[in-house]
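Peer 1: Got a structure here, written out as structure tokens. Questions coming.
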Amino acid sequence: MTSNHAFSAPARGLLVAGAFALVVTVLEAAAPILVPILLAVFIAIVTTPILRWMRSRGIPKWGALMVIAFVLLDVGSLFALVTTGAVEGFRNSLPSYQERFMAFSYQLGGWLESVGAGGSREAIPDLLDPNKLVHGVRLLLSNASGLFAMGFLVLLATIFILLEAPTIPAKLRAAFHLTEEGDARLKRLLDTVNRYMQIKTLTSFGTAVCVWLLLWVFGIDFAILWAVLAFFLNFVPVLGNILMMIPPVLLALIQTGPRTALLVAIGYLVINTVIGNVLEPRIMGKGLGVSTLAIFISLLFWGWLFGTVGMFLAVPLTAAVVIALDANPHTRPLAILLGPEITEVVAPDADSP
């Protein structure tokens, strides 16, 4: 006679934790391959409606793909040209900025010592070492060829994914025997990610334009560089709005003075508040169904796992995980914990009239 021994709750927890650790280890090892594929998948999700629209207008598939590839290549080349030229000019201007920064840090240290903070003249230059910035700029320029190669690889992967896009839903239904509920869940995932990426791209472009106008009005050098930086960092939740304002505010402090730096910081806060906290939620509606705490934790997790690309894609990746967890009754509690806030309904008292 055979007897089935069910795993206890602690044993199941250990098995799940071990499987999760194994999957994360494999993903970390495969990150160099997965990162360009993930980028290509999300770009393909965004451009698929454009492909369908062109196909509905009678344009052949190859013609539509060539148009999309040309637009993506043109936009990527424009970003690369503008960014590389601005970074190169910023690197050439770094010696003069470094001298001004050292003089300013010496004055700031002297003021802090006058109010009782001893040793500030030596601590401030060590804390804000401009040599680290110089090293970072040189590293970025030296890796430019690698970034261009990765961009071309992402473009090729996007084209091949778009080639298979019309047949992917049917293949998934046949391979995994998707029910109507599963098919609806997959469609909801694609629609959610597509809507998020489109809206985020538009709001990021609006943020970049406003940042460029702000810095142009105050005469801050390399305004186009900081506008491009604002465009990309706007995709990073929580931390992106803070990180995008640090370089131009410091440059305004060195270039013109504390008053202009304060005005630039206020301008950034106004732009991020209006676009990020007012316009974007109204356009996006209910959002992605992910809690704020889950977004912050996912930013740390995906950033650790996939680097900068993981930080950019933290929100849609987490939304995909939440929808996948919600598909199984055993993992649905995790989806509820990662999901948005639930308004608890208090049942009426039985004794009340």
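Peer 1: Given the protein chains as shown and a 1.4 Å probe, how many square angstrom of E181 are accessible, to the nearest 10?
Peer 2: For E181, the solvent-accessible surface is approximately 120 Å².
Peer 1: Where Lys and Arg each count +1 and Asp and Glu each count -1, what net charge lies around V193 among other residues with Cβ under 14 Å from its Cβ?
Peer 2: Values: positive: R185, K187, R188, R195, K200; negative: D191.
Once positives and negatives cancel, what remains is +4.
Peer 1: Based on the Cβ-Cβ distance of A19 and W62, what FRET efficiency does E = 1/(1 + (r/R0)^6) give at R0 = 41 Å, to the nearest 0.05?
Peer 2: On the way: r = 43 Å, r/R0 = 1.04.
The calculated FRET efficiency here is 0.45.
Peer 1: Here is a follow-up. Name the shape class, rounded, prolate or oblate, that the alpha-carbon gyration tensor gives for the range 142-216, where a ≥ b ≥ c are the square roots of its eigenvalues, rounded holds for a/c under 1.5, and otherwise prolate holds if a/b is larger than b/c and oblate otherwise. It would help to have the intermediate numbers written out before the result.
Peer 2: Details: a/c = 4.25, a/b = 1.64, b/c = 2.60.
In terms of gyration-tensor shape, oblate.
Peer 1: Convert each backbone phi in the range 307-315 into a coupling constant with the Karplus relation 6.51 cos²θ - 1.76 cosθ + 1.60 (shift: θ = phi - 60°), then list the ³J(HN,Hα) values in order as whole Hz, x for Gly and Pro.
Peer 2: Using θ = phi - 60°, the values come out as x, 4, 4, x, 5, 5, 9, 4, 5 Hz.
Peer 1: Here's something else I'd like to know. Determine the order of K61, K200, K187 by accessible area, beginning with the largest, at a probe radius of 1.4 Å. Intermediate results must be reported in sequence, preceding the final value.
Peer 2: On the way: K61 70, K200 20, K187 120 Å².
Result, largest first: K187, K61, K200.
Peer 1: To continue, here is another question. So what does V322 come to for accessible area, using a 1.4 Å probe and Å² rounded to 10?
Peer 2: Result for V322: roughly 20 Å² accessible.
Peer 1: Let me ask another. Compute the FRET efficiency between R91 and L243 as 1/(1 + (r/R0)^6), taking r as their Cβ-Cβ distance and R0 = 22 Å, and round to the nearest 0.05.
Peer 2: 0.65
Peer 1: Note down the nm distance, to one decimal, between modelled labels 7 Å out along Cα→Cβ at E164 and at I336.
Peer 2: Rounded to a tenth, the inter-label distance reads 3.7 nm.
Peer 1: Follow-up question, since we're still on this one. Looking at the square roots a ≥ b ≥ c of the eigenvalues of the Cα gyration tensor of the range 177-244, which shape do they give, rounded for a/c under 1.5, prolate if a/b is larger than b/c, or oblate? Provide the component values of the computation, followed by the final result.
Peer 2: On the way: a/c = 5.40, a/b = 3.65, b/c = 1.48.
It is prolate, given that a/c is not under 1.5 and a/b is the larger ratio.
Peer 1: Mind ranking V315, V270 by accessible surface for me, highest first, 1.4 Å probe?
Peer 2: Working: V315 15, V270 85 Å².
From most accessible down to least: V270, V315.
The values are calculated or read from the model by the stated rules, or taken from the named source; none is laboratory data. Values in this document were obtained by computation on a predicted structure and should not be read as measured data. Quick reminder, even Gly has a Cβ in these numbers, built from the backbone with ideal geometry, and neighbours come from all protein chains shown. Please note that ligands, DNA and RNA were not included when accessible areas were found on the heavy atoms of the full protein model with its side chains. Shrake-Rupley method; radii C 1.70, N 1.55, O 1.52, S 1.80 Å.
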